[in-house]
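Accompanying notes for the structure given below.
Every number in this text was worked out from the coordinates using simple rules, so none of it is lab data. Just so you know, these numbers come straight off a predicted model, no measurement behind them. Because the Cβ atoms are built from the backbone with ideal geometry, glycine has one as well, and the counts that use them run over all protein chains shown.
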Amino acid sequence: MIWTILHIFEITLWVIISFSVFYVAFFAVISLFYEKEDRVAIHAQALYHRMGRFLILYPAYKEDRVIINAVEQFLLQKYPATHYTVAVISDHMQPETNEQLRKLPITLLTPAFEKSSKAKAMQYAINQMEGEFDNVVILDADNVVRPDFLDQLNVLCSIYDAIQCHRCAKNANNDVAVLDGASEEINNTLFRKAHNRLGLSSALIGSGMCFSYDLFKKNVFELKTAGEDREMEALLLHQEVFIKYAPDIHVFDEKVSNQDNFQKQRMRWMTAQVQSLLSNLPKIPKAILHGKVNFIDKTIQQALIPRSILIVLLAGISVMMTILMPSWCEKWWILFGILALSLFIAIPAPLRISSFAKVLAIPGLVLRMLKNVLHMDHKNTDFIHTEHTT
């Protein structure tokens, strides 16, 4: 009797875990499909000459170490300087940093928030900025872009109201940074590139985002948590706004390079994921009724087990079953193999060797993530700041 109960529990656990694995596997396979030329975009690129007016927002909370370099790099744009405005929202930064920023041809905003958040910074900027804008770009304080960044965006903005650029690593200085960069690229493959190839909306990341100004202004004041990108995405998908992924428009982002910062970052992400899931679930019946496939898919994403936990969990269970109950282990090894192959496919070819070489660092990082689970408060909306080290 006891073995029957254990077997039922084991199969149930396999089914629950397999849902996350098969979701990853499905979109990994989809990412291999040939991408048809976007003839509309190509035609627009040939004919579109209008220069849109861009507002560039840098929410910067205690970002003294990186903000000056990021802004100076952005100001090297080939795009006409008369058609874009850079605004830095300096939140709790040092007077020396603000003084340096004032010397640059930008707008410096200095709010005094009792409780800071990226959402509050963006809302403050929209209330304070004067002038007419066609589009708004959100960048993190460490983000660096190429000189043709706005030229490329300007073309896509003639077609799409919401764009997620290709955020990629600008550092790979240790095991943690390499794995963080690989994780970002897996997300780009699964939740952005593969989704667009199926006609589904790309996921947002939090920076390297571009929106039509009116659309952003309409939605930004609805943001209330530290997971503002997930909130914005849910709002847009509920309004059936398509989010375009732009794989050729790169935004270089600093990857976390120590375990403490990794733990802080994942705590913020995991809390935002749970908050997003709980917020979206009550809206699912109406979404199903109205056929809002993108919103339903986004809610499913929030229910997935984080990949790094999935890797360690599957490996551990597979080994344990092999030792304790060999007749039950086969399906677990198959599931682990499917996950490993899917992640191999999802990682860009140039990063595969370096990423898999760092696999031994994963268990330690997963232990820190599990600590986060024990201390996570889904009602907490406080901003968790991740410090930059380069």
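At 7 Å along the Cα-to-beta-carbon direction for both GLU114 and SER327, put a label point, then send me their distance in nm to one decimal.
Modelled inter-label distance: 6.5 nm.
What FRET efficiency comes out for ARG53 versus VAL15 if R0 is 51 angstrom and r is the Cβ-Cβ distance? Round to the nearest 0.05.
0.45
Full-extension gain between LEU289 and PHE344, please, as 0.36 nm times their residue separation minus the C-alpha to C-alpha distance.
16.1 nm
Can you give the relative contact order of region 73-168 as a percent, counting alpha carbon pairs under 8 Å and 6+ residues apart?
Taking the mean separation of contacting Cα pairs over the length of region 73-168, I get 38 percent.
Order of ASP134, ASP91, ASP148 from fewest to most other C-beta atoms within 10 Å?
The most exposed by this proxy come first: ASP148, ASP134, ASP91.
With labels modelled as points extended 7 Å from the Cα through the Cβ direction, what inter-label distance (nm, one decimal) is found for LEU278 paired with ASN98?
3.6 nm
Just the Kirkwood number for region 84-176, please: inverse of mean 1/r across all distinct Cα pairs, in Å, one decimal.
When all Cα pairs of region 84-176 are included, the Kirkwood radius is 15.7 Å.
How many angstrom lie between the Cα centre of region 56-87 and the Cα centre of region 100-173?
7 Å
Could you work out the Kirkwood radius for region 140-231, taking every pair of different alpha carbons, averaging 1/r and inverting it, reported in Å?
One decimal place: 14.8 Å for the Kirkwood radius.
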